[in-house]
Amino acid sequence: MIPALFVFIYLAIVIYIGVFAFRRKIGEHPAEDYFLANRSLGQVVFLLSLFGTNMTAFAILGSSGHAFTNGIVTYGLMASSSALIVPLSLFLIGTRVWALGKRHGFITPVQMFRDRWDCGHIGSVIFVVQAALLIPYIIIGVMGGGTTLFAISGGRVPFWLGGAVVAMVVMIYVFFGGMRGTAWVNTFQTTLFLLFGAIALIVIGVGMGGFDNAIEGMLSSQSTSALLTRERISPLFFFSYTFIPLSSINFPHIIIFCLTARRIQHFKRTVILYPFCMLAIWLPAVFLGVIANRATNVPAIQTKLESRQTLTMQAATLTPEQRSELRAKAAGDDVLLRLLESYAPLWLAGLLGAGIMAAVMASDSQILALSTMFSEDIFTYYEGKEKFGEMAQVITGRIFVIVLTLIAYAIALEFPQPIFDLAVQYAFSGYSALMPLLVGALFWRRSTKWGALASTLWTAASVIAVALFQTFVTTPKVVWSIAGVTVLERTPGGTAVFGLLPVVPMVIVSALLMIVVSLLTKKPSENTINRYFFR
């Protein structure tokens, strides 16, 4: 329990920072203070909190687990394209969102869409879809917390309790601290896992006898040499992942974070430093996930390798239940924690575990974003603020924090899935498909609310279709082909359409719907257009 105690101490520090350390006297606008920290975050806090909220359990546990199964190609799939696309989107889109937010005073993306397209209830539809797509991201945080405490305590803290502890801690400081508390917690957490990621890489490398030996051993083995190449991923599938980072700027919590900067100049250093931060997080996580395949002296990892081998060799003879059980045993979400457990001293494993927990808990921004959207886009829009006052709006947002956290916790316990696949298949793909809304609102004068509605409904329908398909088709196989060309396929990792991730056709069709439907429908009033575009 010694490493777990370090993590619990860390959680107590997080609560102090989020609730007490950086509280300010609430001014004339309590809602803007709670939800946007009065649009006053400085350069360092803005950079670290914005980056930190993107680096959830997906970036630490999910990436190492995916690399454990698929190899070093994981870095190319996500980190390389994200290091280019995310900063570019912050520069082109984030700065424009910030400027419009300052000019028109909106707090959420739905407020901007309503104002830009003169739409009312369509904005509510967009809210519902965005909220539903963000819940998987919040679930990842609960799963990551449960996995971390379970592994680092040697099983003494059960998964359900670990997830509950993390959910409770996040709920407390988001409830009381709002955006200011969340931003400072993310700043602290980002600093922590940037530092401890490098330490973990060195400690585990020494413990395994040096990385040279580990890599040479993997290259000499036929079963592991492919993990050091791109052989397991087809070129089309690899290309698909360049669409995934489009989701980043579309996430409500990222857009809302863009509105918190004190000055537009804060984006400059953020854009420059973001790729280096990506390197510092993803490289250790992916590399350690890969070389975990050589840690056969760690019983938990050896069990995973045996389960993977059984699944590969006997897949055709296994029942769906047996395959599901073996996939769960072979999952690598906890391999980084298992390496720490085996190769780091207890006290250091506790400190490094706290660093991992820092990344796991970055789901706080998503919870706050949904709370902000509910209070602004539903409660305030439907006259709740006028009837009950601004403090009632803040209280409603806080209640929504509790409800949302409980829902995410219940789903995480009932439907556990690999963190990487859960994020990519649903949250990332859905928000990437919503990219035409943001681009159309900011850069295309002719875009309309009906085009936005068509894209939104298509996104919702396609995500539901993928979820249903993967629920009912559990065995990897070709489901539909035309003239020898595979159209729809169930793969071990999810779904493929023409050999591509579903996100590719989702984005393309969404963009076409925005264009075609907008051209066929009446554009917003000239007065509205002129408020967003200057001649």
Out of segment 372-406, which residues are modelled with pLDDT under 85, among the small types (Gly, Ala, Ser) and closer than 24 Å to VAL170 by Cβ?
-> ALA392, GLY397
Scanning segment 226-238 for residues that are of a type outside the set (Lys, Arg) and surrounded by 15 or more Cβ atoms within 10 Å (Cβ to Cβ), which turns out nearest to VAL503 (Cα to Cα)?
-> PHE237
Can you tell me which residue among GLU325, GLU341 is crowded, with 17+ Cβ neighbours inside 10 Å, of a type in the set (Asp, Glu), at pLDDT 80 or above and more than 21 Å from LEU228 (Cα to Cα)?
-> GLU341
Of all residues in segment 191-215, how many are aromatic (Phe, Trp, Tyr) and at pLDDT below 80?
-> 2
Give the number of residues within segment 491-535 that are of a type outside the set (Val, Ile, Thr), out of contact with any Pro (no Cβ under 6 Å at 6 or more places or on another chain) and within 30 Å of ALA315 (Cβ to Cβ).
-> 10
Going through segment 282-294 one residue at a time, which ones are surrounded by fewer than 24 Cβ atoms within 10 Å (Cβ to Cβ) and either touching a helix residue (DSSP H, G or I) at 6+ places or on another chain (Cβ under 6 Å) or within 22 Å of PHE35 (Cβ to Cβ) (or both)?
-> ARG294
With the condition kept exactly as written, say whether any residue in segment 347-367 is surrounded by fewer than 18 Cβ atoms within 10 Å (Cβ to Cβ), modelled with pLDDT of 80 or more and not hydrophobic (A, V, I, L, M, F, W, C).
-> no
Applying the selection to segment 145-171, what residues are in contact (Cβ under 8 Å) with a residue 60 or more places away in the chain and small (Gly, Ala, Ser)?
-> GLY145, GLY146, ALA151, SER153, GLY154, GLY163, ALA164, ALA167
Could you pull out the residue among GLY197, GLY205 that is part of a helix (DSSP H, G or I), among the small types (Gly, Ala, Ser) and under 24 Å from GLN43 (Cα atoms)?
-> GLY197
Filter result (buried (at least 20 other Cβ atoms within 10 Å of the Cβ), among the aromatic types (Phe, Trp, Tyr) and either modelled with pLDDT under 90 or closer than 20 Å to GLY355 by Cα (or both)) within segment 254-281 | PHE257, TYR274
Residues satisfying the stated conditions in segment 197-249, i.e. touching a helix residue (DSSP H, G or I) at 6+ places or on another chain (Cβ under 6 Å) and of a type in the set (Val, Ile, Thr) = ILE204, THR224, ILE233, THR242, ILE244, ILE249
Could you say which residue among VAL174, VAL142 is over 27 Å from LEU283 (Cβ atoms), hydrophobic (A, V, I, L, M, F, W, C), touching a residue at least 60 places away in the same chain (Cβ under 8 Å) and crowded, with 24+ Cβ neighbours inside 10 Å?
-> VAL174
Looking only at segment 72-83, decide whether some residue is over 24 Å from TYR431 (Cα atoms), among the polar types (S, T, N, Q) and crowded, with 23+ Cβ neighbours inside 10 Å.
-> no
Sole residue being under 13 Å from GLY353 (Cα atoms) and of a type outside the set (Ser, Thr, Tyr), chosen from LEU161, LEU195 | LEU195
The one condition in (1) in a helix (DSSP H, G or I); (2) at pLDDT 90 or above; (3) of a type in the set (S, T, N, Q) that THR528 fails to fulfil = (2)
Do we find that THR486 is in contact with a strand residue (DSSP E or B) (Cβ under 6 Å, 6 or more places away or on another chain), surrounded by fewer than 17 Cβ atoms within 10 Å (Cβ to Cβ) and not aliphatic (A, V, I, L, M) in this structure?
-> yes
Name every residue in segment 224-278 that is of a type in the set (Lys, Arg) and closer than 20 Å to SER81 by Cβ, in order of residue number.
-> ARG230, ARG232
Out of segment 233-270, which residues are in a loop (DSSP other than H, G, I, E, B), polar (S, T, N, Q) and farther than 30 Å from THR69 by Cβ?
-> THR260, GLN265
Limited to segment 53-102, what total is found for residues that are under 26 Å from MET218 (Cβ atoms), under 16 Å from the mean Cα position of the chain (by Cα) and among the β-branched types (Val, Ile, Thr)?
-> 2
Residue satisfying all of: in segment 178-224; within 19 Å of the chain's Cα centre (by Cα) and among the hydroxyl-bearing types (Ser, Thr, Tyr); nearest to LEU311 (Cα to Cα) among these = THR190
Being touching a helix residue (DSSP H, G or I) at 6+ places or on another chain (Cβ under 9 Å), modelled with pLDDT of 85 or more and not hydroxyl-bearing (Ser, Thr, Tyr), is that true of even one residue in segment 416-428?
-> yes
Search segment 106-129 for residues that are at positive phi and crowded, with 20+ Cβ neighbours inside 10 Å and pair each with any residue that is among the charged types (D, E, K, R) and assigned to a helix (DSSP H, G or I) when their beta-carbon atoms are under 8 Å apart and the residues are at least 6 apart or on different chains.
-> none
Check on THR312, β-branched (Val, Ile, Thr) and surrounded by fewer than 21 Cβ atoms within 10 Å (Cβ to Cβ) = yes
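Within segment 79-92, is even one residue more than 26 Å from PRO136 (Cβ to Cβ) and not aliphatic (A, V, I, L, M)?
Yes, because at least one residue in segment 79-92 is more than 26 Å from PRO136 (Cβ to Cβ) and not aliphatic (A, V, I, L, M).
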In this structure, is THR495 farther than 17 Å from ILE244 by Cβ, in contact with a helix residue (DSSP H, G or I) (Cβ under 6 Å, 6 or more places away or on another chain) and in contact (Cβ under 8 Å) with a residue 24 or more places away in the chain?
-> no
List every residue pair whose Cβ atoms sit under 9 Å apart, with the two residues 6 or more apart in sequence or on different chains, where the first one lies in segment 177-189 and is touching a residue at least 12 places away in the same chain (Cβ under 8 Å) and in a helix (DSSP H, G or I) and the second, anywhere, is acidic (Asp, Glu) and surrounded by fewer than 24 Cβ atoms within 10 Å (Cβ to Cβ).
-> GLY178/ASP33; MET179/ASP33; ARG180/ASP33
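The values are calculated or read from the model by the stated rules, or taken from the named source; none is laboratory data. Just so it is clear, the structure is predicted and the values come from calculations on it, not from any experiment. Quick reminder, even Gly has a Cβ in these numbers, built from the backbone with ideal geometry, and neighbours come from all protein chains shown.
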